[in-house]
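Q: I have a structure I would like to understand better, so I am pasting it below and will then ask my questions one at a time.
The values are calculated or read from the model by the stated rules, or taken from the named source; none is laboratory data. Owing to the predicted nature of the structure, the values given are computational and were not obtained by experimental measurement. Cβ placement follows ideal geometry from the backbone for every residue including glycine, while neighbour counts extend to all protein chains displayed.
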Amino acid sequence: METTIHGARIHYERAGDGMPVIFLHAGVADSRMWEPQVKGLAKHFDVIAPDMRGFGKSELPPGRWSPVADVLGLMKELALKPTHLVGCSIGGRLAIDFALAHPERISKLVLVGPGIGGMKFDEKYAELWSEVEAADKAGDMEAVNRAEMHLWLDGPRRPRGYVKQPLRDLFLEMNGGNFNSDFSAAPQDELDPPAIERLHEISAPTLVVVGDEDVPTIFDAVEELTEKVPHVRKVVVHDAAHLPNLEHPDEFNRLVLDFLREE
């Protein structure tokens, strides 16, 4: 399905009936990362999984834009009332920003290995990114894609190739498909002050899900959230890296379903 939001053509998947749940994907993925959730949760909810601008099948027109305004625009276009919001990685960062900007628009928040706007990451983790940075400097985008697959799909502490097919091909296809987007020509509006200074303002019940093999920067972000968000609960998915919903879809779906259906 497609619609136009603030001048950009936005692709989204939609299935099911009931209270709406919007799934916001990671920066190394697109809406296809949520396929097990679209299938698994559509029996209970109206599940909507958009490709954010510049990802998957959605456009990235040059010019300044607001990710938060795009989500609000999608909600208005689809005539959605208060909605559950699920976000992974940069999708989690966007979900946090949206919850701060439009608290009246969401009911519950699920953050999966999330980023946080304005959070500064410790230089002690610089070695983590060295392979990706070297490949990028050499202009070898295939090597960048494979290095990012090891970091985000396998996890830095597990051996290369730990996560098996078909997830490897899916990762390379999703992540590699985003490399052609020129985000420098489409700067994003940011919350001011940034989310890292306002986590105590989040009013929605919040579930934080993290894989125990994710990257250390994510563990730091999760610690910030569990310390500062008022109504928060953390769940660790074992033997999973940055995309636990793909590695353990049944467990992930059960966790999210239980949380969203709680009174």
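Q: Considering GLU190, GLU224, which residue is within 17 Å of LEU109 (Cα to Cα) and either part of a loop (DSSP other than H, G, I, E, B) or acidic (Asp, Glu) (or both)?
A: Details: GLU190 fails: within 17 Å of LEU109 (Cα to Cα).
After ruling out the rest, the residue left standing is GLU224.
Q: With respect to LEU128, determine if the residue is closer than 30 Å to SER107 by Cβ and either outside any loop (DSSP other than H, G, I, E, B) or in contact with a helix residue (DSSP H, G or I) (Cβ under 8 Å, 6 or more places away or on another chain) (or both).
A: On the way: closer than 30 Å to SER107 by Cβ: no; either outside any loop (DSSP other than H, G, I, E, B) or in contact with a helix residue (DSSP H, G or I) (Cβ under 8 Å, 6 or more places away or on another chain) (or both): yes.
No; evaluated as a whole, the condition is false for this residue.
Q: Another question about this same structure. Scan the range 58-73 residue by residue and report those that are outside any loop (DSSP other than H, G, I, E, B), small (Gly, Ala, Ser) and buried (at least 17 other Cβ atoms within 10 Å of the Cβ). Lay out the reasoning, then the answer.
A: Taking the range 58-73 as the starting set, the residues that turn out to be outside any loop (DSSP other than H, G, I, E, B) are 65, 67-73.
Restricting the remaining residues to those that are small (Gly, Ala, Ser) gives 69, 73.
Answer for the range 58-73, where residues must be outside any loop (DSSP other than H, G, I, E, B), small (Gly, Ala, Ser) and buried (at least 17 other Cβ atoms within 10 Å of the Cβ): just GLY73.
Q: Let me ask something else. Among the residues of the range 74-122, how many are assigned to a helix (DSSP H, G or I) and within 10 Å of the chain's Cα centre (by Cα)?
A: 6
Q: Could you list, in sequence order, the residues of the range 116-142 that are hydrophobic (A, V, I, L, M, F, W, C) and either surrounded by 13 or more Cβ atoms within 10 Å (Cβ to Cβ) or in contact (Cβ under 8 Å) with a residue 40 or more places away in the chain (or both)? Lay out the reasoning, then the answer.
A: Kept after step one, since they are hydrophobic (A, V, I, L, M, F, W, C), are these residues of the range 116-142: 116, 119, 121, 126, 128-129, 132, 134-135, 138, 141.
Correct list: ILE116, MET119, PHE121, LEU128, TRP129, VAL132, ALA134, ALA135, MET141.
Q: Also, quick follow-up: Go through the range 243-255 and report how many residues are within 18 Å of ARG32 (Cα to Cα), among the aliphatic types (A, V, I, L, M) and assigned to a helix (DSSP H, G or I).
A: 1
Q: Only one residue in ASN175, ASN145 is surrounded by 12 or more Cβ atoms within 10 Å (Cβ to Cβ), touching an Asp or Glu at 6+ places or on another chain (Cβ under 8 Å) and in a helix (DSSP H, G or I). Which one?
A: Details: ASN145 fails: touching an Asp or Glu at 6+ places or on another chain (Cβ under 8 Å).
Unique residue meeting the criteria: ASN175.
Q: Which one of TYR125, TYR162 is among the hydroxyl-bearing types (Ser, Thr, Tyr), modelled with pLDDT of 95 or more and more than 20 Å from the chain's Cα centre (by Cα)?
A: TYR162 is the lone residue from the list that is among the hydroxyl-bearing types (Ser, Thr, Tyr), modelled with pLDDT of 95 or more and more than 20 Å from the chain's Cα centre (by Cα).
Q: Just to be sure before I move on: is SER203 assigned to a strand (DSSP E or B), of a type outside the set (A, V, I, L, M) and either surrounded by 16 or more Cβ atoms within 10 Å (Cβ to Cβ) or in contact with a Pro (Cβ under 9 Å, 6 or more places away or on another chain) (or both) in the structure I sent?
A: no
Q: While we're here: Considering (1) surrounded by 15 or more Cβ atoms within 10 Å (Cβ to Cβ); (2) assigned to a helix (DSSP H, G or I); (3) touching a residue at least 24 places away in the same chain (Cβ under 8 Å), say which one VAL208 fails and leave the rest.
A: (2)
Q: Further, regarding this structure: Report whether or not GLN188 is of a type in the set (S, T, N, Q) and in contact (Cβ under 8 Å) with a residue 60 or more places away in the chain.
A: So GLN188 fits the description; yes.
Q: Just to verify a result, which residue in the range 15-57, among those that are in a strand (DSSP E or B) and in contact (Cβ under 8 Å) with a residue 40 or more places away in the chain, is surrounded by the most Cβ atoms within 10 Å (Cβ to Cβ)?
A: Across the range 15-57, the extreme among qualifying residues is PRO50.
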